[in-house]
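Quick notes on the structure that follows.
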Amino acid sequence: MEKYLDIIKNAYSGYWNYLKNEIITINHWDNYFYGLIAISLFVWILEIIFPWRKQQSIFRKDFWLDTFYMFFNFFLLNLMILIALSETASEFFNDILGLVGLSVSNFQLFDVDKLPLWLGLLIFFIVSDFTQWNTHRLLHRIPFLWNFHKVHHSVKEMGFAAHLRYHWMEPIVYKSLLYIPIAIIGGFDAQHVAIVHFFSIAIGHLNHANLGWDYGVLKYVFNNPKMHIWHHAKKLPEKAKYGVNFGLTLSVWDFIFNTNHVPYNGKTIELGFSGDEDFPKNFIHQELYPLKFKK
């Protein structure tokens with residue numbers, strides 16, 4: 001137990017020092033703090049220049065709430081929960097395997113360090129995106145998890161910052177299910193992971209932005225605003241009561257597994273979920289909502 005407490009303590013102090021350094025130091029390209037700001041400003045400018053829903057205000061409904069969520073979830077949430085949790089869970093998992101004489105390396109199919117960089121990053125990206133696509137489906141199908149995912153679907157007007165409006169429980173679920181497949185692949189340099197991460201953030205921002213793009217033939221590969229808005233539709237098709245278009249970065253999984261759904265131009269469809277009129281409108285009550293275990 002003392003070992004795990006030390007891991008948690010070191011994780012907190014280490015991440016706090018990292019976060020301070022990210023804010024103070026801007027001389028490296030993979031700076032997550034200013035990278036998030038740069039991507040957000042870029043996509044917001046695109047929204048302003050090429051608005052799909054022209055009647056929607058630049059400072060749309062819940063703009064500032066979503067902006068707060070964006071920074072809270074991307075930075076403070078990591079500080080308070082995820083870094084310590086993920087490092088502790090990783091050590092605990094290794095200890096469990098050690099009891100039967102195994103380690104994570106026994107399950108490692110290959111080491112990405114021995115592959116060409118582009119191929120290693122591509123494998124990492126595809127495996128992580130497919131795992132997250134399946135996790136996203138679980139968030140919709142399991143009532144307990146759906147109660148947490150409602151926070152993200154409480155968005156009533158789409159904009160780039162809605163991408164990172166989610167309950168703190170979601171990344172715990174995502175990271176837990178993502179741990180084993182990533183361990184099987186092997187380790188990556190942090191700068192290389194940043195390439196994939198920034199790309200995924202950019203696509204996620206675009207998916208939620210007030211833009212009417214579908215990328216032409218690339219819509220069968222990448223998720224896009226015209227496709228993702230149907231994921232947020234309040235009225236779902238009868239054949240897909242748990243949702244549609246679950247892709248995060250890639251849309252190809254939805255086409256492969258027949259969960260794609262874009263029946264017509266969805267520019268003016270109502271967003272949300274059944275009963276969202278009673279859903280809390282502020283950060284604190286939205287975070288506490290799932291803990292009430294409403295039926």
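Proximity of backbone amide H atoms, modeled 1.01 Å from N, is registered between residue 271 and 234 at under 5 Å, excluding neighbours fewer than 5 places apart on the same chain. Between the amide H of residue 250 and those of 223, distances stay under 5 Å, these residues lying 5 or more places away or on another chain, with hydrogens modeled in the peptide plane.
Once R0 is set to 22 Å, what does the formula 1/(1 + (r/R0)^6) return for the Cβ-Cβ distance between residue 242 and residue 276, expressed as a FRET efficiency to the nearest 0.05? Calculated value: 0.85. Which of rounded, prolate or oblate describes segment 177-295 when judged by the alpha-carbon gyration tensor and an a/c cut-off of 1.5? Taking the square roots of the gyration eigenvalues as a ≥ b ≥ c, segment 177-295 is oblate. Which of the three applies to segment 194-236, rounded, prolate or oblate, going by the alpha-carbon gyration tensor with a ≥ b ≥ c and a/c under 1.5 meaning rounded? The shape class here is prolate. Using every pair of distinct Cα positions in segment 225-295, the Kirkwood expression returns a hydrodynamic radius of 13.8 angstrom. Kirkwood analysis of the Cα pair distances in segment 116-216 returns a hydrodynamic radius of 15.1 Å. Scalar couplings 3J(HN,Hα) for segment 258-267, obtained by applying the Karplus form with A = 6.51, B = -1.76, C = 1.60 to θ = phi - 60°, are 6, 10, 7, 7, 9, x, 6, 4, x, 4 Hz; x denotes Gly and Pro.
With 22 Å as the limit on Cα-Cα distance, the pairs of 219/281; 156/241; 175/235; 234/267 that go past it are 219/281; 175/235.
Between residue 157 and residue 56, residue separation times 0.36 nm minus the direct Cα-Cα distance comes to 35.6 nm. Using a simple spin-label model with pseudo-atoms 7 Å out from Cα toward Cβ, residue 48 and residue 221 lie 3.1 nm apart.
Here, each number is a calculation from the coordinates, and none is a lab measurement. Not measured: the values here are computed from a predicted model. Here the Cβ is made from the backbone with ideal geometry for all residues, glycine too, and neighbour counts use every protein chain on show.
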